[in-house]
Amino acid sequence: MAVKVYGAAMSTATVRVLLCLEEMGAEYELVPIDFSTGEHKSPPHVARNPFGQVPAFEDGDLMLFESRAISRYVLRKYKASGPDLLREGSLEESAMVDVWLEVEAQQYDKAISAIYIETVIKPVFFGGVPDEKVVAESAEKLGKVLDVYEARLSKSKYLAGDFLSFADLSHIPYTHHIVAGPQASLFESRPHVKAWWESLASRPAYKKVTTGTPTS
């Protein structure tokens, strides 16, 4: 029986989970949650995710929420059929994956998410105008984070080492949108960051989830 993901295509957190499912070659059903009608705050969905957010994940009797936790579950459940994206066979490598997942959640996400809200969510879904001050301040913060990434990626192909991991994939949902806008220069001006992003964007799972392009 295929697992179910309750979410929305506009949700970066939902995309994180879908990327992992695609990378592992897992069967799944995406159950759309309609934000425009407030479905995410409805009792049935709050029973799945008590914070009224997406995604929620159902595997038989197991219900999970929080995209990074769901993704780790997916990568462990299907580890026999896909790439080893958590590197749990090596204490050192798995520790490096954890380090860069924390960096993504605590440093990268906090800078780039504000840009995404102002330049994508606000104008596209609410007809609003981006707060350019917030965008500029967040871009400056993101640039400082990417300086650290540039230094790291000058020593290894991917963040945790010379192997693709969940730490890399977890950056895709927001970055996919930002590289399509004016802040793309933050990535293009740093050659190792640029090469890293191009490697991620070339993956079949990325193309399938973000554009609907079949993986085969």
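The values are calculated or read from the model by the stated rules, or taken from the named source; none is laboratory data. Keep in mind it's a predicted model, so treat the numbers as computed, not measured. FYI the Cβ positions are ideal-geometry reconstructions off the backbone, even for glycines, and counts take in every protein chain you see. The area values use the complete protein model at the heavy-atom level, side chains included, leaving out ligands, DNA and RNA. Shrake-Rupley method; radii C 1.70, N 1.55, O 1.52, S 1.80 Å.
At R0 = 22 Å, how high is the FRET efficiency between K144 and K122 if r is their beta carbon distance? Nearest 0.05 is fine.
That pair, K144 with K122, gives E of 0.40.
Amide H neighbours of L30 under 5 Å, counting only residues 5+ apart in sequence or on other chains, H built in-plane at 1.01 Å?
V5
Packing-wise, with mean Cβ within 10 Å as the measure, how do 18-29, 119-130 rank, highest first?
18-29, 119-130
Given H placed on each backbone N at 1.01 Å, which residues far from M10 in sequence or on other chains put an amide H within less than 5 Å of it?
none
How large, in Å, is the range 128-191 by the Kirkwood hydrodynamic radius built from its alpha-carbon pairs?
Kirkwood radius, the range 128-191: 13.0 Å.
If I compute solvent accessible area with a 1.4 Å probe over the protein chains, what percent of it on the chain is carbon and sulfur?
55 percent
Starting from the Cα of K110, step 7 Å along the direction of its Cβ; do the same at E39; then give the gap between the two resulting points in nm.
3.4 nm
Gain in length, A136 to A180, computed as 0.36 nm per residue apart minus the alpha-carbon separation, to one decimal in nm?
Result: 14.2 nm gained on full extension.
Normalised by the number of residues in the range 1-92, what is the relative contact order in percent for Cα pairs under 8 Å and 6+ residues apart?
33 percent
Using only the C-alpha atoms of the range 100-216, find the volume of their convex hull and express it per residue in Å³. Walk me through the numbers on the way to the answer.
Values: hull volume 11.3 nm³, N = 117.
Looking at the range 100-216, the number lands at 96 Å³ per residue.
What trypsin sites (Lys or Arg not before Pro) does the range 108-211 have in DSSP loop regions with at most 10 other beta carbons within 10 Å?
K155
Quick one: grab Rg to one decimal and Dmax as a whole number for the chain, Cα atoms only, in Å.
Expressed in Å, the Cα Rg and Dmax of the chain come to 17.2, 49.
I need the phi-derived Karplus couplings for the range 114-128: 6.51 cos²θ - 1.76 cosθ + 1.60, θ = phi - 60°, integer Hz, Gly and Pro marked x.
Result, ordered by residue: 5, 5, 4, 4, 6, 9, 10, 5, 4, x, 6, 9, 10, x, x Hz.
Any idea what the relative contact order of the chain is, in percent, if you count C-alpha pairs under 8 Å spaced at least 6 apart? Don't skip to the answer; put the middle values down first.
Numbers: 274 pairs, mean separation 43.3, N = 216.
That works out to 20 percent.
Less than 11 Å from a label point 7 Å out along the Cα-to-Cβ axis of A2: which backbone N atoms in the range 16-52 qualify, by residue?
Zone members listed by number: 26-31.
Whole percent per 5 Å bin, from 0 to the bin with the longest distance: what is P(r) over all C-alpha pairs of the range 1-118?
The calculated distribution, bin by bin, is 2, 11, 19, 22, 19, 15, 9, 3, 1, 0.
What whole number of Å gives the distance from the Cα centroid of the range 27-84 to the Cα centroid of the range 94-157?
With the range 94-157 and the range 27-84 each reduced to a Cα centre, they are spaced 24 Å.
If I model a spin label as a point 7 Å beyond the Cα along the Cα-Cβ vector, how far apart are those points for D162 and S81 in nm?
With each label point 7 Å from Cα toward Cβ, the separation is 3.1 nm.
From the phi angles alone, apply the Karplus equation (6.51, -1.76, 1.60; θ = phi - 60°) to the range 141-148 and give each ³J(HN,Hα) in whole Hz, x where the residue is Gly or Pro.
Per-residue couplings from phi come out as 5, 5, x, 5, 5, 5, 5, 5 Hz.
Can you work out the accessible area per residue across the range 35-130, with the rest of the protein chains kept in place, probe 1.4 Å, in square angstrom?
Per-residue value: 55 Å².
How much net charge surrounds K133 when only other residues with a Cβ under 15 Å from its Cβ are counted (Lys, Arg +1; Asp, Glu -1)? Before the final figure, lay out each step's value.
On the way: positive: K122, K141; negative: E118, D131, E132, E137, E140.
Counting the neighbours of K133, the net charge comes to -3.
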